[in-house]
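What follows is a single structure, written as structure tokens, with notes after it.
The values are calculated or read from the model by the stated rules, or taken from the named source; none is laboratory data. Computed from a predicted structure; not experimentally measured. Heads up, the Cβs are rebuilt from the backbone with ideal geometry, glycines too, and the neighbour counts pull from every protein chain shown.
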Amino acid sequence: MPSTPLLDTIRSPADTRELSIAELKQLADELRTETIDAVSVTGGHLGAGLGVVELTVALHHVYETPKDILIWDVGHQAYPHKILTGRRDRIRTLRQGGGLSGFTKRAESPYDPFGAAHASTSISAALGFAAARDRKGGDNKVVAVIGDGSMSAGMAYEAMNNAIETTKQLTVILNDNDMSIAPPVGGMSAYMARLVSGGGYRSLRKAGRAVASVLPRPMKEAARKAEEYARGMVTGGTLFEELGFYYVGPIDGHDMDALVHVLKNAREIEDRPVLVHVVTHKGKGYAPAEAAADKLHAVVKFDVVTGQQAKGQAGAPSYTKVFAQELIKRAEIDDKIVAITAAMPSGTGLDLFEQRFPERTYDVGIAEQHAVTFAAGLAADGMKPFAAIYSTFLQRGYDQVVHDVAIQRLPVRFAMDRAGLVGADGPTHAGSFDIGFMGALPGMVLMAPADEAELASAVATAVEIDDRPSAFRYPRGEGTGVVIPDLAAPWEIGKGRILREGTAVAILSFGTRLGEALKAADLLAARGLSATVADARFAKPLDVEMVLRLAREHEALITVEEGAVGGFGSFVLQTLALHGALDRGLKVRPLVLPDVFQDQDKPEAMYAQAGLDAEGILHAALSALGVDNASAAGRRA
């Protein structure tokens, strides 16, 4: 009879703690297979998780989670962690409506002590846990796992700089799967890492420091630096030692024996924070991932045997691609146009721009603050920078948008991808707030195209705005299939358009809900109620003339946007109030995203929940007019 898979016997991480190294290796193999199979069904982030399978098993084997705090940075790599921590029976609900989050989430499990989805937060959060433990007199351990990509963000170094002043017991695992901070490692470096993390070597260092402490200060400093730099030349850890960390590594992140021994040694170091440098390989153990250029970082459903991903139906181009193609067209004409991304070249479409203009494309790493001020510097010296940053990530650089761009009125162009709801990635990646926070800034031009042809015009408009900052927002996913002109014409600043004339109610849309607004107008017409449908194009400067006309000529006005309260609808209400339009009995219904963080689901389901589909707009219009379906039918007669 075949033996029971070891993974089937694991109900919680505690079940791993009596396993031998050989059994831990077996468990890792089974965990990798389970991860591949699950993601083939759900889609999601694959390569990063496959790279940390052995590390995940070793961490839960060595540390007493959840008493010991384990924090994963970003969370892309946390699927194996979820399987080991009691969520295996739900792992095939990943990123689905009502299912598991694609990231760590406090409400989901006690093994997720801190939610993450944006990069570079883990060390800061872990340091907070360590400080709280120290304050309360606890004895649990705290571990942060951070990838080399996340280490490009200043926040990680801010936390490390603060760590030595805050606690003596914190472990940071640097998961190095791309930067090659050190050469590929083998048996000797794993042996050295185990040696320098062990008690004997630490005792020797402690004795050496005791001797050095009685030397004159110049000799003491020379001895300290000689020891650290000598070790740094071998291990590459000088930078981390200078920040006050005890550096261990690099070690092979797929060598279970080395991992377990080094982590056990690191767990016992209590006189200063520790950084364990682990070298892993994204996509490890799955041939299609290892062969892929992106190591299958993010995938849709795929065939486990071949790695072939499911192909969607051929349709309209994505908004992201339309943005990139239009920017390329403009850059062919204008050599001052440059493009900036913060570690998302393919996500923002700037990989296409880079293929055509490599010398005019800048990837600054996971450093949105720097990206914004860098763009400001470019603009200040006469260039035309386009900072292509997801709406949700631009939040990280907002102070720089205010201080370095808006106050100086510099013409940085912000291309805000992933505006509105994003489906499977959930609330951490939704672009819910940019209308409010960008529209609040004096001098900002804020646009939202209604379809992909309109997006091309928004890009053209941004190119022409050379005396102040501008921003345009557009969603994830495919466009509507409209024809895009060879070279789009720019808009007149601050002017919207009316697409359909009616008398009873006006629907004023900002962004890509325009299609749903037109459908709602059809539903109203079927009930005998004629509706005007307008496309604002601009939230700032607002088309005041058009807004007041809509208010004057209709009984009710419905505003529609893919953003939180405090955005476009609020700007319209402010204008109506200042011009006395509300005094005449106008009924206004601003439709916005609900005042909650919506969990992941299919985008169409999320917009229906938000009341931002055609049925939701219809309901708002009928409510504003004080009619229901039955009385609407009577009004038609």
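Looking at (1) outside any helix (DSSP H, G or I); (2) surrounded by fewer than 17 Cβ atoms within 10 Å (Cβ to Cβ); (3) modelled with pLDDT of 95 or more, find the lone condition where V338 falls short.
Looking at each condition in turn, V338 falls short on (2).
Can you tell me which residue among V262, V276 is under 18 Å from L70 (Cβ atoms), touching a Leu at 6+ places or on another chain (Cβ under 9 Å) and not polar (S, T, N, Q)?
Working: V262 fails: touching a Leu at 6+ places or on another chain (Cβ under 9 Å).
From the options V262, V276, the qualifying one is V276.
Yes/no matrix, rows are residues, columns are (1) crowded, with 17+ Cβ neighbours inside 10 Å; (2) modelled with pLDDT under 50:
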residue: E158; (1), (2): no, no
residue: L174; (1), (2): yes, no
residue: S180; (1), (2): no, yes
residue: P184; (1), (2): no, yes
residue: A190; (1), (2): yes, no
residue: S197; (1), (2): yes, no
residue: G200; (1), (2): no, no
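From the list F114, F129, which residue is within 21 Å of L275 (Cα to Cα) and part of a loop (DSSP other than H, G, I, E, B)?
Result: F114 is the single residue among F114, F129 that is within 21 Å of L275 (Cα to Cα) and part of a loop (DSSP other than H, G, I, E, B).
Being free of Cβ contacts under 8 Å to residues at least 60 places away in the same chain and within 30 Å of T93 (Cα to Cα) narrows it down to one of D601, D613, D595, so name that one.
Just one listed residue meets the conditions, D595.
Looking only at residues that are of a type outside the set (D, E, K, R), part of a loop (DSSP other than H, G, I, E, B) and at pLDDT 95 or above in region 53-80, which one is surrounded by the fewest Cβ atoms within 10 Å (Cβ to Cβ)?
P66
Restricting to region 273-297, what's the tally of residues that are of a type in the set (D, E) and without any contact (Cβ under 8 Å) to a residue 12 or more places away in the chain?
1
Just checking, how many residues over region 298-324 are touching a residue at least 60 places away in the same chain (Cβ under 8 Å) and either crowded, with 17+ Cβ neighbours inside 10 Å or under 15 Å from G477 (Cα atoms) (or both)?
Total meeting the criteria: 12.
G569 passes all but one of (1) surrounded by 18 or more Cβ atoms within 10 Å (Cβ to Cβ); (2) in contact (Cβ under 8 Å) with a residue 24 or more places away in the chain; which number fails?
(2)
Looking at the structure I just gave you, is P490 at pLDDT 95 or above and not assigned by TED's automatic domain parsing to the domain that holds Q400?
So P490 passes the test.
What number of residues within region 490-530 are on the phi > 0 side of the Ramachandran plot and without any contact (Cβ under 8 Å) to a residue 60 or more places away in the chain?
1
Among Y79, Y63, which is aromatic (F, W, Y) and under 20 Å from the mean Cα position of the chain (by Cα)?
Y79
Of the residues that sit in region 341-385 and are hydroxyl-bearing (S, T, Y) and in contact with a strand residue (DSSP E or B) (Cβ under 6 Å, 6 or more places away or on another chain), which one is surrounded by the most Cβ atoms within 10 Å (Cβ to Cβ)?
Per the criteria, the residue is T348.
Could you check how many residues of region 25-42 are more than 11 Å from V53 (Cβ to Cβ) and in contact with a helix residue (DSSP H, G or I) (Cβ under 8 Å, 6 or more places away or on another chain)?
At the first step, the residues of region 25-42 found to be more than 11 Å from V53 (Cβ to Cβ) are 26, 37-42.
With the extra rule that they be in contact with a helix residue (DSSP H, G or I) (Cβ under 8 Å, 6 or more places away or on another chain), the set shrinks to 26, 38-39, 41-42.
Of the residues in that region, 5 qualify.
Exactly one condition in (1) at pLDDT below 95; (2) closer than 30 Å to T33 by Cα; (3) surrounded by fewer than 17 Cβ atoms within 10 Å (Cβ to Cβ) is not met by P110; state its number.
Result: P110 fails condition (1) only.
Take the conditions of a type outside the set (G, A, S), assigned by TED's automatic domain parsing to the domain that holds E30 and in a helix (DSSP H, G or I) and apply them to R106. Does it pass?
no
Out of region 122-154, which residues are among the hydroxyl-bearing types (S, T, Y) and crowded, with 23+ Cβ neighbours inside 10 Å?
S122, S150
With the requirement that a residue be at positive phi and modelled with pLDDT of 85 or more, what does region 278-295 give you? Steps first, please.
Going through region 278-295, the residues at positive phi turn out to be 283, 285, 295.
Of everything in region 278-295, those that are at positive phi and modelled with pLDDT of 85 or more turn out to be G283, G285.
Being in a loop (DSSP other than H, G, I, E, B) and either within 20 Å of Y390 (Cβ to Cβ) or touching an Asp or Glu at 6+ places or on another chain (Cβ under 6 Å) (or both) is the filter here, so list the residues in region 305-335 that pass it. Full working, then the answer.
Within region 305-335, the first condition is being in a loop (DSSP other than H, G, I, E, B), and the residues that meet it are 305-308, 310-317, 334-335.
Listed by number, the residues that qualify are G315, A316, P317.
Listed here are the residues, each with its yes/no results for (1) assigned by TED's automatic domain parsing to the domain that holds D252; (2) of a type in the set (A, V, I, L, M); (3) surrounded by 16 or more Cβ atoms within 10 Å (Cβ to Cβ); (4) without any contact (Cβ under 8 Å) to a residue 60 or more places away in the chain.
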| residue | (1), (2), (3), (4) |
| --- | --- |
| R11 | yes, no, no, no |
| E18 | yes, no, no, yes |
| K25 | yes, no, yes, no |
| G44 | yes, no, yes, no |
